[in-house]
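S.K.: This is the structure I have questions about; it appears just below.
The values are calculated or read from the model by the stated rules, or taken from the named source; none is laboratory data. All of these numbers come straight from a predicted model, not from anything done at the bench. Don't worry about glycine lacking a Cβ; one is built from the backbone with ideal geometry, like all the others, and counts go over all protein chains shown.
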Amino acid sequence: MLITGDSEPAVLFIKRKERVGDPWSGQMAFPGGFSSAADSSLEATARRETEEETGIVLADAGVLLGVLDDVSPRTPYLPPLVVTPYVFLVAEPLAARPGPEAETAIWLSVRDLFDPGKRKPFGLKLPGEVREFEAIVIGDCTIWGLTERVLQQLKEVPGS
C-alpha cells in the first residue's frame, strides 16, 4: 500500500485486468502479488510487485512505514493464501503506469475512502447463493473483500 504524506493524503490502487482463472480478475486492489524465490524478503516482494504493477520504484520514492496484520480469504471459493500488507509513504501522488496485470492505477483520497457515505453493500454471486460484503464505492471504483479489510486496518492505526 502506498500512501501520500501531503496535506490531502491519498492511497494508490490498481484495477486488475480481466483474466481467465484469476479469482481477483477486474477487482480494485493494492499493488502486490506472490513472492518469488528471487525475493530476499516479503518487503522485497512488495517493492518488486509495486514496480511491476505501477512503475513506481520505492527505493527512489518510498519510505517503509510498517507492516499491517496478515489477511486471508474467508471463503472456500478462493485459494488459501496469506496477504502481508506493507505500507509505504511517498511525498505526493506519483505518476503510475499500469503494468501487464493492471488495467489502471488510481490515487483515491483518504477522506473519500473513510467517508461513511461511500460505504455500500456489494453483492457477489456464488454457487447457490449471493453473499453481501462491505464495500467502498468511489466513482467507478468498488473496493471490497481483502482490499477493503486491509484498508480498514489503516483506519485503525493511531494518528491516521
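S.K.: Out of region 28-45, which residues are outside any loop (DSSP other than H, G, I, E, B) and closer than 15 Å to Ala96 by Cβ? Don't jump to the end; show me each part of the working.
M.R.: Taking region 28-45 first, the residues outside any loop (DSSP other than H, G, I, E, B) are 28-29, 42-45.
Those that are outside any loop (DSSP other than H, G, I, E, B) and closer than 15 Å to Ala96 by Cβ: Met28, Ala29.
S.K.: Kindly indicate whether Asp115 is loosely packed, with under 12 Cβ neighbours inside 10 Å and either more than 20 Å from Gln27 (Cβ to Cβ) or of a type in the set (Gly, Ala, Ser) (or both). First the steps, then the outcome.
M.R.: Values: loosely packed, with under 12 Cβ neighbours inside 10 Å: no; either more than 20 Å from Gln27 (Cβ to Cβ) or of a type in the set (Gly, Ala, Ser) (or both): yes.
In short, no.
S.K.: Taking the conditions exactly as written (surrounded by fewer than 17 Cβ atoms within 10 Å (Cβ to Cβ), at pLDDT 95 or above and either within 13 Å of the chain's Cα centre (by Cα) or in a strand (DSSP E or B) (or both)), does Leu64 satisfy them or not?
M.R.: Values: surrounded by fewer than 17 Cβ atoms within 10 Å (Cβ to Cβ): yes; at pLDDT 95 or above: yes; either within 13 Å of the chain's Cα centre (by Cα) or in a strand (DSSP E or B) (or both): yes.
Criteria met by Leu64.
S.K.: Return the pair list, or none, for Cβ contacts closer than 9 Å from residues in region 23-42 that are over 15 Å from Ala105 (Cα atoms) to residues that are exposed (fewer than 15 other Cβ atoms within 10 Å of the Cβ) and of a type in the set (Phe, Trp, Tyr), at least 6 apart or on different chains.
M.R.: Partner pairs satisfying both residue conditions: Pro23/Tyr77.
S.K.: Next question, about the same structure. Kindly list the number of the only condition in (1) of a type outside the set (Gly, Ala, Ser); (2) at pLDDT 95 or above; (3) exposed (fewer than 11 other Cβ atoms within 10 Å of the Cβ) that fails for Ile138.
M.R.: Answer for Ile138: the failing condition is (3).
S.K.: In addition: Hey, does region 15-35 have a residue that's over 17 Å from the mean Cα position of the chain (by Cα) and among the acidic types (Asp, Glu)?
M.R.: no
S.K.: Please go through region 105-160 and pick out each residue that is among the hydrophobic types (A, V, I, L, M, F, W, C), in a strand (DSSP E or B) and touching a helix residue (DSSP H, G or I) at 6+ places or on another chain (Cβ under 7 Å).
M.R.: Quick first cut of region 105-160, residues among the hydrophobic types (A, V, I, L, M, F, W, C) only: 105-108, 110, 113-114, 122, 124, 126, 130, 133, 135-138, 141, 143-144, 146, 150-151, 154, 157.
Those still in the list that are in a strand (DSSP E or B) too: 105-108, 122, 124, 126, 130, 133, 135-138, 141, 143-144.
Ala105, Phe133, Ala135, Ile136, Val137, Ile138, Ile143 - these are the residues of region 105-160 that are among the hydrophobic types (A, V, I, L, M, F, W, C), in a strand (DSSP E or B) and touching a helix residue (DSSP H, G or I) at 6+ places or on another chain (Cβ under 7 Å).
S.K.: Moving on. Give all pairs with beta carbons closer than 8 Å in which a residue from region 1-22 that is free of Cβ contacts under 8 Å to residues at least 40 places away in the same chain meets a residue that is in a strand (DSSP E or B) and among the charged types (D, E, K, R); count only pairs at least 6 apart in sequence or on separate chains.
M.R.: Asp22/Arg16
S.K.: For region 42-57, name all the residues that are more than 12 Å from the chain's Cα centre (by Cα) and of a type in the set (Gly, Ala, Ser).
M.R.: The answer is Ala44, Gly55.
S.K.: Got a sec? Which of Asp39, Asp69 is of a type outside the set (Phe, Trp, Tyr), more than 16 Å from the chain's Cα centre (by Cα) and surrounded by 11 or more Cβ atoms within 10 Å (Cβ to Cβ)? Walk me through it before giving the result.
M.R.: Working: Asp69 fails: more than 16 Å from the chain's Cα centre (by Cα).
Every option except Asp39 fails the conditions.
S.K.: Tell me yes or no: at least one residue of region 76-92 is surrounded by 11 or more Cβ atoms within 10 Å (Cβ to Cβ), of a type in the set (Gly, Ala, Ser) and in a strand (DSSP E or B).
M.R.: Scanning region 76-92, I find no residue that is surrounded by 11 or more Cβ atoms within 10 Å (Cβ to Cβ), of a type in the set (Gly, Ala, Ser) and in a strand (DSSP E or B), so the answer is no.
S.K.: Now, a different point. Residue check: is Ser25 in a loop (DSSP other than H, G, I, E, B), closer than 15 Å to Gly145 by Cβ and either touching a Pro at 6+ places or on another chain (Cβ under 8 Å) or not charged (D, E, K, R) (or both)?
M.R.: On the way: in a loop (DSSP other than H, G, I, E, B): yes; closer than 15 Å to Gly145 by Cβ: yes; either touching a Pro at 6+ places or on another chain (Cβ under 8 Å) or not charged (D, E, K, R) (or both): yes.
Yes, satisfied.
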